[in-house]
1. Select from the range 118-128 the residues that are surrounded by fewer than 19 Cβ atoms within 10 Å (Cβ to Cβ) and more than 16 Å from the ligand (Cβ to nearest atom) and list them in ascending order.
2. Report whether or not residue 85 is within 13 Å of the ligand (Cβ to nearest atom), under 12 Å from the mean Cα position of the chain (by Cα), at pLDDT 95 or above and more than 25 Å from residue 151 (Cα to Cα).
3. Looking only at strands (runs of 3 or more DSSP E) that fall completely inside the range 14-117, which ones have 2 or more residues that are surrounded by fewer than 21 Cβ atoms within 10 Å (Cβ to Cβ)?
4. Kindly indicate which of 154, 82 is closer than 13 Å to residue 20 by Cα and touching a helix residue (DSSP H, G or I) at 6+ places or on another chain (Cβ under 9 Å).
5. For the structure I just gave you, tell me whether residue 131 is in a strand (DSSP E or B), within 15 Å of the ligand (Cβ to nearest atom) and in the same structural domain as residue 27 (by TED's automatic domain parsing).
6. Only residues that are more than 14 Å from residue 38 (Cα to Cα) and surrounded by 10 or more Cβ atoms within 10 Å (Cβ to Cβ): list them for the range 139-158, please.
Ligand code: RP5
């Protein structure tokens, strides 16, 4: 699935690759895709499983840089080795999103994703939807190091976050009983 913001124009080549261990992870990882679309960062999303289709994961990782990808995001649940296995075969930055899809509610995925051996880093996000959103923001921040337009978009995004908090504080104040 290639993300595109404007249907009447040819899709730009993806620079962020999102990989999920299963299509059942899509409701969570869709959040990452939406954030990247919001920032205008071309992204692609696919399914590849470290355990069920290791060859597909290996091919994705090995070809990623050649295909123009600059950052990889991996979302998986359970014994979540997807991000680590992708990181094993590429020097691109890999961001891991643990997903709470097993009876252990994400602890398994978190520890499997975060506890990488020295030499093979995975930037591990929070479990679940917040992690998926933050993965997209971090990917954009990595790209923005050499993209001043994207940097401006990210700075505006931070301002919007602060404005929303101020709006909520003002709205709460109106609801409180006057002393
Ligand atoms: C993991 O197992 C996937 O990332 C998913 O979170 C979980 C369940 O996968 P399905 O059984 O729904 O395909 O590998």
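The values are calculated or read from the model by the stated rules, or taken from the named source; none is laboratory data. Owing to the predicted nature of the structure, the values given are computational and were not obtained by experimental measurement. Cβ coordinates were reconstructed from backbone atoms using ideal geometry, including for glycine residues, and neighbour counts include every protein chain displayed.
1. If the condition is that a residue be surrounded by fewer than 19 Cβ atoms within 10 Å (Cβ to Cβ) and more than 16 Å from the ligand (Cβ to nearest atom), then 118, 119, 120, 121 are the ones that fit.
2. It is false that residue 85 is within 13 Å of the ligand (Cβ to nearest atom), under 12 Å from the mean Cα position of the chain (by Cα), at pLDDT 95 or above and more than 25 Å from residue 151 (Cα to Cα).
3. Details: elements: 16-20, 43-47, 71-77, 94-99.
Strands (runs of 3 or more DSSP E) meeting the threshold: 43-47.
4. 82
5. So residue 131 does not fit the description; no.
6. The answer is 142, 143, 144, 147.
So that you can scan it fast, the table gives a plain yes or no per residue for (1) farther than 30 Å from residue 156 by Cβ; (2) touching a residue at least 24 places away in the same chain (Cβ under 8 Å):
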position	(1), (2)
64	no, yes
83	no, yes
102	yes, yes
111	yes, no
